[in-house]
Number of protein chains: 2
Amino acid sequence: MKTIKEIAQEANVSEGTVDRVLHNRGGVSKKTETKIKAIIKAHNFSVNPVASALALKNKFSIAALIPVHNTSDLFWKSPNIGITKAAEDIKTFGTQVLTLTYNQQKPESYINAFNELLKSNPSAFIIAPSFSEETKEIVAVLEAKNIPYIFLNIEIEGFNNLSFVGQDAFTAGYIAAKLMQSKTLESSSFLIIQSRKNITNNNAVFKRIEGFTKYFIEHNIPHKILTLEIENQESKSIRKTRINTYLKNHPDIKGVFVPSSRIHMIVDSMKDEYLNNIELIGFDNTPQNVECLMTDSVSYLISQKPFDQGYNAIKLMNDYLVKNTIPDRKIYLPIDILIKENVIYNENSY
Amino acid sequence: MKTIKEIAQEANVSEGTVDRVLHNRGGVSKKTETKIKAIIKAHNFSVNPVASALALKNKFSIAALIPVHNTSDLFWKSPNIGITKAAEDIKTFGTQVLTLTYNQQKPESYINAFNELLKSNPSAFIIAPSFSEETKEIVAVLEAKNIPYIFLNIEIEGFNNLSFVGQDAFTAGYIAAKLMQSKTLESSSFLIIQSRKNITNNNAVFKRIEGFTKYFIEHNIPHKILTLEIENQESKSIRKTRINTYLKNHPDIKGVFVPSSRIHMIVDSMKDEYLNNIELIGFDNTPQNVECLMTDSVSYLISQKPFDQGYNAIKLMNDYLVKNTIPDRKIYLPIDILIKENVIYNENSY
DNA sequence: CTGAAAGCGCTTACAG
DNA sequence: CTGAAAGCGCTTACAG
């Protein structure tokens, strides 16, 4: 491995000058610049990131803005752990990470947390952009300040985000349909239960449903898809009544698809006679959902690798800051098919 | 963050002395040691790994000893890429990685490659221990020299390996059976085809078959399991004859399970009439196997995350060397269930 | 436009 | 048993 010193000697200049061209810091004559660049290229030289990190000491910080998790929806706990783990790993580069959470029901909390993070003067942002209008405001600020940002988990278009890290929701829904179909007879009816208001994260839920529906159409499988909306706020008893009444009135339903991480709340409310005779497929290996897998209430969970989402987003951003590595515009993580038997090996970071 | 300098000042000693107690390097009086330790503890101090890495520059090297890959079995290409990628990542710690491959049919090549690696005086070894007798010899040398080693992919017992990184083969086979069963009727017969001699890697193949069989027994599912052995050396035409004749003579066979990474060679040889009516399940997302998934010849592939195996083994060893982090004794990677639709998102590192 | 020098925090001979 | 000093490779004021 060459060093800057050696490059400098070969070019008959000082190390400082090499550093200047290395980082396009200007103030170098065209002639020396050309000479140095040639030598750098000839040796395929790249700076030693350790030495760089040490010299830059605490130069960079990454702000992460993600939803809070709560007992009924633990989903965001896992990306948060991924972020923390990555933060630990990149300490070696002197990069700091600051995470703040917001309430997915309250756009103001999103803006407030963002402003709070901004105060610390971060070099970059990782954002789970739950609210599209507010995200526009936020992004305007970031772009004015030239702060790079990566979107996490929630895929929205029309922004100059450095990258998106998450799941291909359409394909995930498509796969759910295939799995569902393999467990039921042809010409079955399926029920989609949306357990939370579509105001947040709606893109993913919407795309999952789209993928689910598309599978049956593409394969010319006779089917009927029904939809039931159940709000978060509803009490368990109301939920019970609504679900079980619905199923009673639609005895042709052979499968229930829950395109959110809340399938456990559906399982919770369904009568045993339905639980035993209807196939259920949901998303995300939260502890409550995994429990449903273990008791055979749910056949499959599709996981979007929440830990990896957080971990990768931070690492990619750090590589961008420290090494100037440009990440792919979209990073789609593997779509994990989880069953009772393999779920334990999938790092359950809750 | 405190620095060694500050700790030293507070203890009225030099930085060198603090370093000595930090790394238990001895040569420090009991009294100063106690004093320094107290101060370290009080501030919850830990060394800056970046500075440490820079100062230690090129102190460590890891030797990796794995099977070679070839066109008919690409499996080992992917762990190799994982190793290379990890090597890239840990360059920042000044750790070097040297990989040598051996022929899984030739124990001598295993020993020879090991001796070659030993010459470079590595700080640690990553070994895929294909041959148990030869591994004993190798390990004796390593233990005499106090060189730590991690076993990769092939799980053998009775050694003081720092860790094992790979798959829980029994559960993988068990899952294969569950998937197979969901695609076939009760009371079916299943054929297990072993496409390579059991001399190498036999543990994994053996355990997969064990898990496969166990599933049917545990669930009281009437079944019959047949076995066909086909050697590597056999030509495609002989393979064709043997497989198709066997299937003709056993029309009750509804599923074929190939507990190795060579299911593509079976698909290659089976007549269409069998291909269309028999469920096939195999292991590993090599390009040829993925092709079988895409053409619907194979229903499921179970992947053991070969890239991650290589990557993780190197990273764990580096953490052990650089930070003295002790890894878990067994690291079982997730058992990936791959179908046509999700296989593209599983990093296919071939 | 360019160089010399100090500094990031730790480790390591070397001297005593 | 302990300290002073050089060095790892890069970055950054500062001086010219």
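The values are calculated or read from the model by the stated rules, or taken from the named source; none is laboratory data. Not measured: the values here are computed from a predicted model. Quick reminder, even Gly has a Cβ in these numbers, built from the backbone with ideal geometry, and neighbours come from all protein chains shown. These accessible areas exclude ligands, DNA and RNA; they are computed on the full protein's heavy atoms, side chains included. Shrake-Rupley method; radii C 1.70, N 1.55, O 1.52, S 1.80 Å.
Summary of computed values
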read-out	value
Only listed residue being at pLDDT below 90, more than 9 Å from DNA strand C (Cβ to nearest atom) and within 14 Å of chain B (Cβ to nearest Cβ), chosen from A:F75, A:F60	A:F60
In the range A:34-46, residue nearest to the other protein chains (Cβ to nearest Cβ) [restricted to those that are crowded, with 16+ Cβ neighbours inside 10 Å and either under 40 Å from the mean Cα position of the chain (by Cα) or not hydrophobic (A, V, I, L, M, F, W, C) (or both)]	A:F45
A:G255 being open to solvent by less than 10 Å² (accessible area, probe 1.4 Å), outside the structural domain of A:S130 (by TED's automatic domain parsing) and within 19 Å of A:D336 (Cα to Cα)	no
Residue that is surrounded by the fewest Cβ atoms within 10 Å (Cβ to Cβ) [pool: residues in the range A:166-188 that are within 23 Å of B:L185 (Cα to Cα) and away from chain B (no Cβ under 11 Å)]	A:L185
Yes/no for A:F212 being open to solvent by 80 Å² or more (accessible area, probe 1.4 Å) and in contact with a Pro (Cβ under 9 Å, 6 or more places away or on another chain)	no
Residue in the range A:3-19 that is within 24 Å of A:P148 (Cα to Cα), part of a helix (DSSP H, G or I) and within 13 Å of DNA strand D (Cβ to nearest atom) present	yes
Residue match in the range B:66-85 (condition: assigned to a helix (DSSP H, G or I) and farther than 30 Å from B:V290 by Cα)	no
Pairs, first in contact (Cβ under 8 Å) with a residue 24 or more places away in the chain in the range B:209-222, second open to solvent by 90 Å² or more (accessible area, probe 1.4 Å), C-beta under 7 Å, six or more apart	B:I221/B:E186; B:P222/B:E186
Qualifying residue in the range B:33-52 (condition: within 16 Å of DNA strand C (Cβ to nearest atom), touching a residue at least 60 places away in the same chain (Cβ under 8 Å) and closer than 27 Å to B:F164 by Cβ)	yes
Helices (runs of 4 or more DSSP H) contained entirely in the range B:104-190, each with at least 3 residues that are modelled with pLDDT under 95 and assigned by TED's automatic domain parsing to the domain that holds B:S299	B:169-183
Residue in the range B:12-29 that is more than 30 Å from B:Y102 (Cβ to Cβ), more than 15 Å from DNA strand C (Cβ to nearest atom) and not basic (K, R) present	yes
Members of the range B:20-55 that are hydrophobic (A, V, I, L, M, F, W, C), within 8 Å of DNA strand D (Cβ to nearest atom) and in a helix (DSSP H, G or I)	B:A51, B:L54, B:A55
